[in-house]
Amino acid sequence: MLKAKDIRQKFLEYFEKHGHRPVSSSSLVPKDDPSLLFTNAGMVQFKKTFLGQEKRDYVRATTAQKCLRVGGKHNDLENVGRTARHHTFFEMLGNFSFGDYFKADAIRFAWEFLTEEIGLDKANLYITVYRDDDEAEELWQSVAGVPKERIYRLGEKDNFWSMGDTGPCGPCSEIHVDQGEEMACGPDCGIGKCDCDRFLEIWNLVFMQYDQDASGTRTPLPRPSIDTGMGLERIAAVCQGVHSNFDTDLFQAIIGHAAELAGVRYGDDDDTDTALRVIADHSRAIAFLIADNILPSNEGRNYVLRRLIRRALRFGKLIGMDRPFLYDTALKVVAEMGEAYPELVANKDFMAKVVREEEERFSQTLDKGLAQLEEEFAAMRVEGRTRVSGAVAFKLYDTYGFPLDIVNDVAEKQGFTVDEPGYHEHMAEQKERAKANWKGSGEIDLASRFQTLLERGMTSKFVGYDELEAEGKILALLDEQAEPVERLAADGLGFVVADATPFYGESGGQGGDAGALRTPSGAAEVADAIKPAPNLVVHRVAVTEGEIRLGETAALSVDRARRLATARNHTATHLLHAALRKVLGEHVKQAGSLVGPDRLRFDFTHIMPLTPEEISRVEDEVNTAVLQDIDLSVREMSQAEAVAAGAMALFGEKYGDVVRVVSVPGVSMELCGGTHLKSTAQAGCFVITSESGVASGVRRIEAATGLNALCLLNARRKELEDIAAVLKGRPGELTGRVKGLQTEVKSLKKEVEKLASKAASAGSSGGSIMDAVKDVAGVKVLTAKVEVPGVKGLRDLMDDVRSKLPSGVACLVTEQDGKVPLILYVSKDLHGRFTAPALIKDVAAEIGGSGGGRPDLAQAGGTDPAGVQRAFARLEALVAG
């Protein structure tokens, strides 16, 4: 039996033997593609190559690509665990040709691999082609020897592929395997007739041969290409003779581990089996997402991860897994797949910590949601309702991540039902809002803006590592809208491309250079330099004199002070990265950066906020390296050599075969294309200005170097001197002075609160507040607007009222800075008639607010002080019935 890892290896080796470059899987986070949330196919990392926006030093490639499909067009989530084939995370095996071979070789390679390399029976293989693709049908017969009766022609829906509404497209051909008559769905079962698993699609060959314009017209491409994809999970199931992907060796070890943790057996019960499949599938997705620096939060792809964790936890609870377990099953994924994907091993400790903390956090959230649901049940009993509203069910989901089926289960046990249509209406509204706000991956797609330059194969040589001044011939001029022009007139704005430039184009987190440009006919200020492709720099300019003409030779000069300030900050980010890993641990990975002349910003993976001591240690580590005056080393080598030497690469970044390695000997070694100092001493000094969280598990440090750091320290010294003058002390004495003042203020504040509460309890006329109690339909009711210091004073006063009102209803209100806090009390003996949360809903509405709480005590906040008397009247009316 072929194991999945053997199939993966055989695939890559087969295509390498046939001239394909094995290319590592790209990250699950698409680079420079604003249209995608996650990488969902093997061709994603080659999209710019297919579009002609990027050239590579090979024309054939093969990959085993990590993919994730959970939303949008490929929303598989709800089916995961319930069917044999749906997954969130999966691996796509693919071979690609960029204008090299076409249909004949693509068909030959696929057929040969399936029938000779992994030994599938030719008699069980069937082919589909696009209805008009006579060439493909003929080639399957002549090249592969497939009988015509086993080749089916299907329509555009099944056998035509396009990258989008416009761009490369073409017919595709699918290979299906007959899994036997026992898998048939009925007498009419057949290819193109049904979606059952008898004739299982295992490989899709896409023949990119047209360019489709906005009108739908298709023009033949000058260099047709090939994009193929075969799911490893499917082909593994076929090779291992099982009818469910979950029964392959890709899943069985993880399922078995989860079953052992739960104390159950796989195969004994359908509901239990579904839960175990969900846990196994989601554990794979979770491990790979966190390895790619995705961490749980409430936005974008981070929320997808949170959803997967919570969904897996819910299914775990259904089979009795009450303690954290998901971190353990995710570690099992690392054990199973770490050999093929080393990033799993490198991040396993951090991943386990993130997942466990998320599990524990959701367990607390789950308890809060249950408590909220119990309050809703209490209010429903008082009001005579039997159905939990869709709005409440959705709020439980939206606020607490509470699944609808748990709401249904708990409600059913207490004799209630749930308004599911109302819930789904609220869910649909949220999805529409999310769809309207969808911004794709968040990456800027510069390539499409300068498409005309890339289509012409235009390149510019960067000479700025060694020189800050250079001459270059102007190859292209574009106006503000990036449309080609012959000249840019005085005071005009636009873009300039030269065949050589010392300007660094913005990339890798480093901002672009600024400076000046001069030609025989004019001059311009270079405001920025942009890098839409690896070998192209575009200068954003403002013409200051004469005009800039196409074809002229330009003298380009980089602003030296700005470049040096930027280099200080860039070298400092490398030192900072090394310092963080030394102080906090090897789990720290760069999650983003921004390097400019004024400051640096560095995002990194770490769960907890840094302590003041840790920040000081990090600063000390960086400044120690600065004071050691270490000469930087810059070398070019193969990527394999660099990684073997210990150079850190940013996972998800695209690197060529030859990479640039920037080293601070004894401190740091990173793959980096940016500009740096000659020596660490040029940084001057390093000061952290802030440390904060930007997402769950991602921290951010902002810092300054050189003169910027000196200015910051001078400003802080001046501020300290001003504080010393106010406190009439000297530096060194200020902490004691401030602590003394805080103690004094705290003591006085307590005394004020005590006096205010005493005065409020006494009543405005000198009597007791209890004198305001009145009888309403046989119930003692107290309503009073009081002057107390905020909500705490209101609570203290209510505690006093409760001790004096063993049976009754009390509502106290105060006003503070335009806000109206309100507290409502209902004694326990009256809960059969009404509860505090049930009453406060209508009462608080009169002051423009809302609230909730326990059956005996609820709290609300409003913004309309004029509605206080209306609120009191509404309460009395509700009590009166």
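The values are calculated or read from the model by the stated rules, or taken from the named source; none is laboratory data. Keep in mind it's a predicted model, so treat the numbers as computed, not measured. Cβ placement follows ideal geometry from the backbone for every residue including glycine, while neighbour counts extend to all protein chains displayed. Just the protein is used for accessible areas: all its heavy atoms, side chains included, with ligands, DNA and RNA removed. Shrake-Rupley method; radii C 1.70, N 1.55, O 1.52, S 1.80 Å.
Key figures
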{"item": "Any chance residue 258 is of a type in the set (A, V, I, L, M), at pLDDT 95 or above, in a helix (DSSP H, G or I) and crowded, with 21+ Cβ neighbours inside 10 Å", "result": "yes"}
{"item": "Test result for residue 670, crowded, with 19+ Cβ neighbours inside 10 Å, charged (D, E, K, R) and within 30 Å of residue 22 (Cβ to Cβ)", "result": "yes"}
{"item": "Residue identified as part of a helix (DSSP H, G or I) and open to solvent by 40 Å² or more (accessible area, probe 1.4 Å) among 586, 613", "result": "613"}
{"item": "Residues (acidic (Asp, Glu) and either in contact with a helix residue (DSSP H, G or I) (Cβ under 7 Å, 6 or more places away or on another chain) or farther than 16 Å from residue 465 by Cβ (or both)) located in region 630-679", "result": "641, 653, 657, 670"}
{"item": "Pairs where the first residue, in region 331-352, is closer than 16 Å to residue 309 by Cα and open to solvent by less than 70 Å² (accessible area, probe 1.4 Å) and the second is among the charged types (D, E, K, R) and modelled with pLDDT of 95 or more, C-beta under 9 Å, 6+ apart", "result": "333/284; 352/328"}
{"item": "Filter result (surrounded by fewer than 16 Cβ atoms within 10 Å (Cβ to Cβ), basic (Lys, Arg) and either in contact with a helix residue (DSSP H, G or I) (Cβ under 6 Å, 6 or more places away or on another chain) or modelled with pLDDT under 90 (or both)) within region 742-794", "result": "746, 749, 750, 754, 758, 792"}
{"item": "Hits in region 265-295 (condition: open to solvent by 20 Å² or more (accessible area, probe 1.4 Å) and either touching a strand residue (DSSP E or B) at 6+ places or on another chain (Cβ under 7 Å) or more than 20 Å from residue 85 (Cα to Cα) (or both))", "result": "265, 268, 293"}
{"item": "Residue that is more than 24 Å from residue 592 (Cα to Cα), open to solvent by 20 Å² or more (accessible area, probe 1.4 Å) and within 19 Å of the chain's Cα centre (by Cα), where the choices are 310, 301", "result": "310"}
{"item": "Segments classed as strands (runs of 3 or more DSSP E), wholly inside region 628-721, with at least 1 members that are closer than 26 Å to residue 65 by Cβ and touching a residue at least 40 places away in the same chain (Cβ under 8 Å)", "result": "668-671, 686-695, 698-705"}
{"item": "Selection count where residues are under 22 Å from residue 312 (Cα atoms) and either hydrophobic (A, V, I, L, M, F, W, C) or over 26 Å from the mean Cα position of the chain (by Cα) (or both), scope region 374-407", "result": "8"}
{"item": "Hey, residue 295 at pLDDT below 90 and either under 28 Å from residue 35 (Cβ atoms) or not charged (D, E, K, R) (or both) or not", "result": "yes"}
{"item": "Output for region 301-332, where each listed residue is in a helix (DSSP H, G or I), more than 21 Å from residue 40 (Cα to Cα) and among the β-branched types (Val, Ile, Thr)", "result": "329"}
{"item": "Selection count, region 138-171, where residues are surrounded by fewer than 21 Cβ atoms within 10 Å (Cβ to Cβ), out of contact with any Lys or Arg (no Cβ under 7 Å at 6 or more places or on another chain) and either acidic (Asp, Glu) or in a strand (DSSP E or B) (or both)", "result": "11"}
{"item": "The listed residue being farther than 24 Å from residue 64 by Cα and open to solvent by 50 Å² or more (accessible area, probe 1.4 Å), out of 188, 178", "result": "188"}
{"item": "Identity of the residue in region 520-561, out of contact with any Gly (no Cβ under 7 Å at 6 or more places or on another chain) and small (Gly, Ala, Ser), that ends up most open to solvent (accessible area, probe 1.4 Å)", "result": "561"}
{"item": "Residue that is most open to solvent (accessible area, probe 1.4 Å) [pool: residues in region 75-118 that are of a type in the set (A, V, I, L, M) and within 22 Å of the chain's Cα centre (by Cα)]", "result": "92"}
{"item": "Flag for residue 810 being within 17 Å of residue 857 (Cβ to Cβ) and at pLDDT 90 or above", "result": "yes"}
{"item": "Of the criteria (1) assigned to a loop (DSSP other than H, G, I, E, B); (2) within 30 Å of residue 98 (Cβ to Cβ), which one residue 190 fails", "result": "(2)"}
{"item": "Filter result for residue 372 (of a type in the set (S, T, N, Q), surrounded by fewer than 22 Cβ atoms within 10 Å (Cβ to Cβ), in contact with a Leu (Cβ under 8 Å, 6 or more places away or on another chain) and closer than 30 Å to residue 853 by Cα)", "result": "yes"}
{"item": "Residue check, residue 517 surrounded by 20 or more Cβ atoms within 10 Å (Cβ to Cβ) and more than 30 Å from residue 657 (Cβ to Cβ)", "result": "yes"}
{"item": "Matching residues, region 333-354, being under 18 Å from residue 65 (Cβ atoms) and outside any helix (DSSP H, G or I)", "result": "338, 339, 340, 341"}
{"item": "Residues of region 131-177 satisfying the condition of being among the small types (Gly, Ala, Ser) and more than 29 Å from residue 44 (Cβ to Cβ)", "result": "142, 145"}
{"item": "Cβ pairs under 7 Å, 6+ apart, first in region 295-317 and touching a residue at least 12 places away in the same chain (Cβ under 8 Å), second hydroxyl-bearing (Ser, Thr, Tyr) and open to solvent by 40 Å² or more (accessible area, probe 1.4 Å)", "result": "297/303"}
{"item": "Which listed residue is open to solvent by less than 50 Å² (accessible area, probe 1.4 Å), part of a helix (DSSP H, G or I), among the aliphatic types (A, V, I, L, M) and under 16 Å from residue 379 (Cα atoms), from 858, 871, 838", "result": "838"}
{"item": "Output for region 773-798, where each listed residue is within 17 Å of residue 857 (Cα to Cα) and under 46 Å from the mean Cα position of the chain (by Cα)", "result": "791, 792, 793, 794, 795, 796, 798"}
{"item": "Top-ranked residue of region 1-44 - restricted to ones that are surrounded by fewer than 16 Cβ atoms within 10 Å (Cβ to Cβ) and without any contact (Cβ under 8 Å) to a residue 24 or more places away in the chain, ranked as farthest from residue 99 (Cα to Cα)", "result": "6"}
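Here is a yes/no grid of residues against (1) modelled with pLDDT of 90 or more; (2) touching a Gly at 6+ places or on another chain (Cβ under 9 Å); (3) not hydroxyl-bearing (Ser, Thr, Tyr):
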| position | (1), (2), (3) |
| --- | --- |
| 456 | no, no, yes |
| 468 | yes, yes, yes |
| 472 | yes, no, yes |
| 477 | yes, yes, yes |
| 499 | yes, yes, yes |
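Condition check ((1) modelled with pLDDT under 90; (2) not β-branched (Val, Ile, Thr)) across all residues:
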{"site": "619", "(1), (2)": "no, yes"}
{"site": "624", "(1), (2)": "no, no"}
{"site": "629", "(1), (2)": "no, yes"}
{"site": "635", "(1), (2)": "no, yes"}
{"site": "641", "(1), (2)": "yes, yes"}
{"site": "651", "(1), (2)": "yes, yes"}
{"site": "654", "(1), (2)": "yes, yes"}
